[in-house]
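Computed from the coordinates by the stated procedures, all read-outs in this text should not be read as laboratory data. Since this is a predicted model, take the numbers as computed values, not measurements. Reconstructed Cβ throughout: ideal geometry from the backbone, glycine too, with neighbour counts over all protein chains shown.
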Amino acid sequence: MNTIDNKLSIAEVSSLTSVSPRTIRFYIQKELIDRPVGQRKAAHYTREHVRQLLEVEKWKAAGVSLDAIRAIMSGEQTSLGIPETMQRPGEIKICSKVWLAPGLELHLDPSELKLNTEQLRRLAGKISDLVSSMTSKE
């Protein structure tokens, strides 16, 4: 990296973010990140590109669709959840279902809830404890 003028090659950006050059180009095409600065062989990336890529990967890991990520990155969508307007009939949405007790299941949308696995386990445990305390007292 040329630290004086903050110029990064696509290989350097790929190495820093663990995102392949092909995926970086795809994200540029989908307008998730900015185009490189300059043209052709003089084109380069900056720390801002690295920040954008890391943010896209963060949202992707949370289960947010690329359309929703584009809205978030462009400032059109400010909430942390998936915008309702981005959900369409027939859209596949991944949810988690946790069995807590006979007759009680917890359905979670990880992309909106923003809890890690340990936090989800604690939540399910507290709900199970609450149900147990309610049924044992009656």
Sparsely packed GluC sites (Glu not before Pro) within region 16-71, loop by DSSP, other Cβ within 10 Å at most 13: GLU31
Members of LYS30/LYS60; LYS58/LYS126; LYS97/LYS126; LYS60/LYS97; LYS7/LYS41; LYS58/LYS114 lying beyond 23 Å, as alpha-carbon distances in this model show: LYS58/LYS126
Cα gyration tensor shape for region 96-137, rounded if a/c is under 1.5, else prolate or oblate: prolate
At R0 = 25 Å, FRET efficiency that the Cβ-Cβ distance of SER132 and CYS95 yields, to 0.05: 0.50
Label point distance in nm, GLU57-GLU112, each placed 7 Å from Cα along Cα→Cβ: 2.8 nm
